[in-house]
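Trainee: The structure under discussion is supplied below as structure tokens; questions concerning it will follow.
Please treat every number below as a calculation from the coordinates, not as lab data. What you see is a predicted model; the values in this text were computed from it and never measured. Neighbour counts run over all protein chains shown; Cβ positions are idealised from the backbone, glycine included.
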Amino acid sequence: MSHSLGIVIEGLVAVLLVLTICYCMLLNKRLKKLKADEQSLKATIGELITVTEIAERAIGGLKHTVRDVNENLGAQINAATALAEQLKAQLAEGDHVVRRLSKIAIAARPLAAQAEPVEAAAAAPAGRVSAARANAAAAQAFAERRRPDGIAA
């Protein structure tokens, strides 16, 4: 029996060795698959790193562009504000000039009304001086009085 017991034990060891070999083959397949997945995962991670770097560069470029736009826009807004102030001052000055011219025209009307009979007698009947010419003459006379050298503009 001792001999048959030794054969049984050796048979059992042989079966266990066959099962171990089968299990090692199964593990080997899984490890190969895992390594293939690892390579795929490494490639995916590499692509993600590349895309992240590209995105970071694009964000940096966008930040630079936004900064330039803000600076240019700020300068343009400042220039527009200065121009608006200048136009406002010029409009106020123009309004002031128009009011002065209106006062001159109003002041010249009585003079023009007095001068019309004299001019009507000296000129032909159709040669009446228009109110616009009287205003222009009054404005020119006022301008000559205002200039220190007496030279008309």
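Trainee: What does the charge add up to near residue 38, with Lys and Arg as +1, Asp and Glu as -1, over the other residues with Cβ less than 14 Å from its Cβ? Intermediate values should be presented prior to the final figure.
Mentor: Working: positive: 30, 32, 33, 35, 42; negative: 37.
Once positives and negatives cancel, what remains is +4.
Trainee: Near residue 32, which lysines are there with a Cα under 18 Å away, not counting those fewer than 8 places off in the same chain?
Mentor: Straight-line reach from residue 32, under 18 Å: 42.
Trainee: In addition: For segment 1-97, what percent of Cα pairs sit more than 16 Å apart?
Mentor: Every Cα pair in segment 1-97 considered, those over 16 Å come to 80 percent.
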